[in-house]
Amino acid sequence: MSDLETQVLIIGGGATGTGLARDLALRGVQCILVEMEDINAGASGGNHGLLHSGARYVSNDPISAQECRLEANLLRQLAPECIEDTGGLFVAVEGDDENYIADFPLLCSKYGIPVQEISRDEAFEREPGISEKLIAAYLTEDGAIDPFKLSLENLAQAQSLGSTFLQHVKVIGFEMGKNRIEAVHVLNAESGQERLIKIDQVVNASGAWAAEIAALANIPINILYSKGSLLVSAYRLSQRVINRLRPPSDGDILVPGGTVSILGTTSVRVDLLDDVRPTIPEVDLIVDELGEVVPGLREARYVRAYSGVRPLIQSQEAGDDRAVSRGFAVFDHTHDGLENFTTITGGKLTTYRLMAEKVADLVCEKLGVSSPCLTLTEPFPSAKKGKWTEPGLSSRVWLKEHASRKPILCECEMIPENVIDDIVGNIRKENITPSLKAVAARSRMGKGLCQGTVCGTRVTSYLYEQGIFHSDQGLANIKEFLDERWKGERTILWGEQLIQTGFKEALYCGLLDLEL
Amino acid sequence: MSNSDPLKCDLLVIGRGMAGMASALFAVNRGLSTVQVGMTGEIVFASGLLDLMGVHPIEEKKVWQDPWAAIDSVVGDLPGHPYAHLTQDDIRASFDEVLSFLEKEGLTYCREENYNSRMINPLGKTKTTYCVPGSMWGGVKALQKKSPCLIAGFRGLGDFSARQIVETLQHQWSDLRAAQIPFPDTDHVNELFTGDILAQSLELSINRKKLIESLRKHREDAEVIGLPAVLGMHHVGEIISEMEEEIGVPVFEIPTPPVSVPGLRLNDAFVRGLSAKGVKHFPQSQVVKVHREKAEEFVAIIGHKPAQHTILTKGIILASGRFWGRGLYADRHRIRETIFDLPVYQPENRDKWHADDLLDPGGHPVNQAGVETDHLFRPLDSSGKPLFRTLFAAGSILAHQDWMRMKCGSGVAITSAYGAVKASLQLE
Ligand SMILES: Cc1cc2nc3c(=O)[nH]c(=O)nc-3n(C[C@H](O)[C@H](O)[C@H](O)COP(=O)(O)OP(=O)(O)OC[C@H]3O[C@@H](n4cnc5c(N)ncnc54)[C@H](O)[C@@H]3O)c2cc1C
């Protein structure tokens, strides 16, 4: 196959990489984005989905707090379809640090972050589920953001402007020239094929993997890995984002999103990036901690738990955790002797646009391109590529389309045949082999109460009948799909959800012998 | 309280799954006055295939042709397995009794007495099992001979794709062909149907005529035709005979994911036959409380007011199933037995309940959790003595078996029910 060539090669298909692809495309710079797995396979698919108002960081990271405030306001205007503007509620309960509570409104006003104190009665009226032990409550401007939709829309616009996305393609090495990288070696994980991409500029937007990529160019970056785990409840448990009013700690935040809620998070140091999974002690910690704020969470039903890794960038001098920043860092590797190599890592989903802007400015300067950043003013075109990831959307559309209704393939999330057709069509346009896992990544399939029990067999049958699956592909597809679901289920199996899994295993092992 | 309260009986069976049904059958056949209570059991989800013993050791995925040798092997390796409390004669006798009962109720079962059989499943895999509904037996034969075969699915029956079965099996069965045909009179409907609705509609001869017509057109050189298991709810035998006569080739059913029509047929046959034999049923009601009145009697409170009943019984068989049947319930920390709070054998904490992979060959330790009993199927207290003289446990609630991986679900249910009833007579 012929070798590829591009102006800018971006490594990493998370919020930062896709956001950068859009930013550059809007400035007329053509790029290739490579992702070793699927879109949002890293932290962008393993986070809380909280559009930070900044209030959480006023005490320990005022710079991040202010960045969040500005960026969240921008995104509300420019990408409203990715955001649910729930508003936030910071609450303290008996035993929480009174000094912190007293300082909180002062710090917020110091950094321009709007908060409003409300009475106990008003707090209970707004959120009936909060604990009787409430001692302070503040309204904030936090919201929920759908990271999948965000990345898919960023990518869609970049592609429509001529950029290329290569999925399941991993960067494995650099072809070095004098003071620069000449070309990048990539490996296609599906076909096993290696290729060389000739480049002008390389941007390393690989999040927690940034040090691994930099090491391929013999550049050391000090990164610590902090795993955070989250739980998804079966039902929505609050109207607003609820945040424990205390110094940021484990099990502080409850974020609603569509028909579910997400509880989190933890902070556990890990040494390796592969196979990062939530553990049972983490899950129990989150339920117990958040249960102090919303007691009903102790009895609630959960459908999944998942984890993401935060890259914590260590400053070169200091070695202890306190010196670790949760903000983002741009490394211009000109200083390390490579003039066309840049790394961006850290930060937040909320600030992804700002991060993309900063790197794009640098890359454009290096390229001699003078067009200004347009993501500050240009609304999302809303290509609707990401739309089927939104909880509840599929059923709303299905209910509206009375006359043309198609049979439902995923009953929990009400996904009819035509939505699956639509997604498979998009997958094919992206030049990816349609698989259950890929369909699931682009929709709510398997994300409801039954966690793939019914839709696993049903969508497989449908894809055979449509001539998309052949030979015994279905078996491998179902295994891969169930395996993916299982990673998220294993730690939350008690009560009703354990009963549900029993049914799943009875079907897939008892009757279908899938384990043999 | 209703008039007949308290109702007196020899045996109260708690549970309406396979173990509960079998317990009630064995009890009533031996002249015990029997009351059965519980929610509709897992039996309606059953595929209709009755497994005896298929795989051991599960981590080696060793599949046994000879279930009797497999039982010897599992008992040798896992002395706590329910089969360890039974003789081979008991196991054989229990199956004979259940099969002849079902035969009388219109559900014929076929088997090779000393061997397991292989049947195709909806994923296109071949499943090892022991007793096969008569309606599926043609499939066992066709798979053996690899006869030229048409597998037909229905547009609208979402969980079953003939093409999937054929594509998956083709490497070992080349003369296999798939067709997807519309189910009679459903062209205009844009919905998926569950098997029970299709089965009901095939009870009408006009619908069968249309189906037969379209199968004739698709038959071509097929010497046998396989269809999803929806060929009638109550008259499957007659319906298949009629189809075979009109089409001219054998017709067989293939199990489907739930809703499983063969499971509903089994449930119907048991409910009908057991009532006829005089078993008193309290369907869709739960035991809310049990206590001991005198040394030899239990008082069980069933259902909630105003439809509450009191039952005075000499013995109880607990066949309330696992989590799904709600015989067991787990909170974040521990697994409990829901009616008597019996000691439950279980892994020490939740972290040990499940393996890292759903399909882990070794299975999940939580599946071996359950109630431990003596050789008379009496649940044990923490010191290893039977808790009550006449309380027995049967079926999937029993510890030290993983029926899903070992392929012994119906077998454990039927044989432990037999063992429990026999023990209760012995102790009388
Ligand atoms: C537990 C947790 C909770 C969080 N909650 C929030 C929140 O509520 N709100 C918020 O604003 N932020 C939150 N964040 C932060 C936010 O998720 C991240 O800042 C953001 O997603 C980072 O995006 P990214 O694109 O930089 O990195 P990633 O999303 O990690 O993307 C990096 C990508 O690079 C790919 N890659 C790596 N190596 C290679 C290679 N060799 N070749 C090709 N591709 C490669 C990876 O597969 C990955 O997809 C949270 C983070 C965590 C971990």
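Filter the GluC sites (Glu not before Pro) in segment A:55-148 to those in DSSP coil with at most 16 other Cβ atoms within 10 Å of their Cβ, and list the result.
Here the GluC sites (Glu not before Pro) that fit, given the DSSP loop and packing criteria, are A:Glu94, A:Glu132.
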Can you list residues whose amide H is under 5 Å from A:Ile135's amide H, if they're 5+ apart or on another chain and H is modeled 1.01 Å from N?
A:Ala92, A:Val93, A:Glu94
Taking only Cα atoms, what is the 0 to 90° angle, nearest 10, from helix B:134-145's long axis to the longest principal axis of chain B?
60 degrees
Quickly estimate the mean residue ellipticity at 222 nm for chain A, helices only: each DSSP H run with n ≥ 4 gives -39500 (n - 2.57), and the total goes over all residues, rounded to 500.
-10000 deg cm²/dmol
Looking at chain B as a GNM with Cα springs under 10 Å, which of B:Pro148, B:Pro361, B:Pro306 has the largest mean-square fluctuation?
B:Pro306
Give the peptides A:296-309, A:186-199 in descending order of average Cβ contacts within 10 Å, highest first.
A:296-309, A:186-199
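Counting other Cβ atoms within 10 Å, keep those with at most 11, restrict to DSSP loop, and tell me which trypsin sites (Lys or Arg not before Pro) in segment B:324-428 are left. Please list the in-between numbers first.
Working: sites: B:Arg326, B:Arg332, B:Arg334, B:Arg336, B:Arg350, B:Lys352, B:Arg389, B:Arg405, B:Lys407, B:Lys422; in loops: B:Arg326, B:Arg332, B:Arg334, B:Arg389, B:Lys407.
Filter output for segment B:324-428: empty list.
Considering all projection directions equally, how large on average is the shadow of the alpha-carbon convex hull of segment B:122-254, in square nanometres?
On the way: hull surface 30.0 nm².
For the Cα atoms of segment B:122-254, the hull's average projected area reads 7.5 nm².
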If unit charges are put on Cβ atoms (+1 for Lys and Arg, -1 for Asp and Glu) and the dipole of chain B is taken about its Cα centre, the option from B:Tyr329, B:Gly237, B:Gly370 lying farthest towards the positive end turns out to be B:Tyr329
Let me see the pair-distance distribution of the protein assembly as shown: every alpha carbon pair, 20 Å bin width, integer percents in order.
13, 38, 33, 14, 1
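With the Cα gyration tensor of segment A:140-293 in hand, convert its eigenvalues to equivalent ellipsoid semi-axes via √(5λ) and list them largest first in whole Å.
On the way: eigenvalues 285, 82, 42 Å².
Ellipsoid semi-axes (Å, largest first): 38, 20, 14.
May I ask what percent, to the nearest 5, of DSSP beta bridges between residues of the protein assembly as shown are antiparallel?
Details: 81 of 136 bridges.
Beta bridges within the protein assembly as shown, antiparallel portion: roughly 60 percent.
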On a 0 to 90 degree scale, rounded to 10, what angle separates helix B:67-77 from the longest Cα axis of chain B?
40 degrees
GNM on chain B, Cα springs under 10 Å; top mean-square fluctuation among B:Pro133, B:Pro228, B:Pro79 goes to B:Pro79
In chain B the accessible area split gives carbon plus sulfur, as whole percent at 1.4 Å, a share of 50 percent
Once amide H atoms are placed 1.01 Å from N in the peptide plane, what residues at a sequence separation of 5 or more from A:Phe328, or on another chain, have their amide H within under 5 Å of its amide H?
A:Gly347
Ordered by residue, what ³J(HN,Hα) values in Hz, to whole numbers, does segment A:155-171 give under the Karplus form 6.51 cos²θ - 1.76 cosθ + 1.60, where θ = phi - 60° and Gly and Pro are x?
5, 4, 5, 4, 5, 5, 9, x, 7, 10, 10, 10, 9, 6, 10, 10, 6
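Among the chymotrypsin sites (Phe, Trp or Tyr not before Pro) in segment B:52-127, which ones are in a DSSP loop with at most 10 other Cβ atoms within 10 Å of the Cβ? Mind listing them?
Values: sites: B:Trp64, B:Trp68, B:Tyr83, B:Phe95, B:Phe101, B:Tyr109, B:Tyr115; in loops: B:Trp64.
Filter output for segment B:52-127: empty list.
What average number of partner chain Cβ atoms lie no more than 10 Å from the Cβ of the residues making up B:125-133?
Numbers: counts 7, 2, 5, 2, 2, 0, 0, 0, 0.
For peptide B:125-133, the averaged partner shielding equals 2.
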Gyration tensor (alpha-carbon) shape descriptor, segment B:274-338, a/c threshold 1.5:
prolate
Whole-Hz ³J(HN,Hα) from phi, Karplus 6.51 cos²θ - 1.76 cosθ + 1.60, for segment A:337-342, glycine and proline x:
x, 10, 6, 10, 10, 9
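Ignoring ligands, DNA and RNA, how much accessible area is buried between chains B and A, both sides summed, with a 1.4 Å probe, to the nearest 100 Å²? Intermediate results must be reported in sequence, preceding the final value.
Numbers: alone 18940 and 21710 Å², together 35750 Å².
Between B and A, the summed buried area is about 4900 Å².
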For B:Arg155, distant residues with modelled amide H under 5 Å away:
B:Ile181, B:Phe183
Can you give the mean number of other chain Cβ atoms that lie within 10 Å of the Cβ atoms in peptide B:46-52?
2
Cα shape, chain A, gyration tensor, a/c 1.5 rule:
oblate
In deg cm²/dmol, rounded to the nearest 500, the helical mean residue ellipticity at 222 nm of chain B, built from -39500 (n - 2.57) for every DSSP H run of length 4 or more, is -9500 deg cm²/dmol
Helix B:18-29 versus the longest principal axis of chain B: what is the Cα-based angle in degrees, 0 to 90, to the nearest 10?
70 degrees
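To one decimal place, what Kirkwood hydrodynamic radius in Å is obtained for segment A:392-511 from all pairs of distinct Cα atoms? Can you show the working numbers first?
Numbers: mean 1/r = 0.0672 Å⁻¹.
That comes to 14.9 Å for segment A:392-511.
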Within 10 Å of each Cβ of B:167-180, how many other protein chain Cβ atoms are there on average?
2
What net charge is computed for the residues neighbouring B:Ala27, neighbours being all others with C-beta under 13 Å from the C-beta of B:Ala27, Lys and Arg scored +1, Asp and Glu -1?
+2
Given the C-alpha centroids of segment A:1-45 and segment B:178-251, what is the distance between them in whole angstrom?
53 Å
Quick one: 3J(HN,Hα) in Hz for segment B:320-334, Karplus 6.51/-1.76/1.60 with θ = phi - 60°, rounded, Gly and Pro as x.
8, x, 9, 4, 5, x, 6, x, 10, 9, 10, 9, 5, 10, 7
So, with +1 on the Cβ of K and R and -1 on the Cβ of D and E, and no other charges, what is the size of the charge dipole of the protein assembly as shown about its Cα centre, to the nearest 20 debye?
1620 debye
Here the averaged projected area of segment A:30-96, based on the convex hull of its alpha-carbon atoms and given in nm², is 7.4 nm²
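The values are calculated or read from the model by the stated rules, or taken from the named source; none is laboratory data. Please read these numbers as outputs of a predicted model, since none were measured by experiment. Please note: Cβ atoms are built from the backbone with ideal geometry, for glycine as well, and neighbour counts cover all protein chains shown. For accessibility, only protein heavy atoms count, side chains too; no ligands or nucleic acids. Shrake-Rupley method; radii C 1.70, N 1.55, O 1.52, S 1.80 Å.
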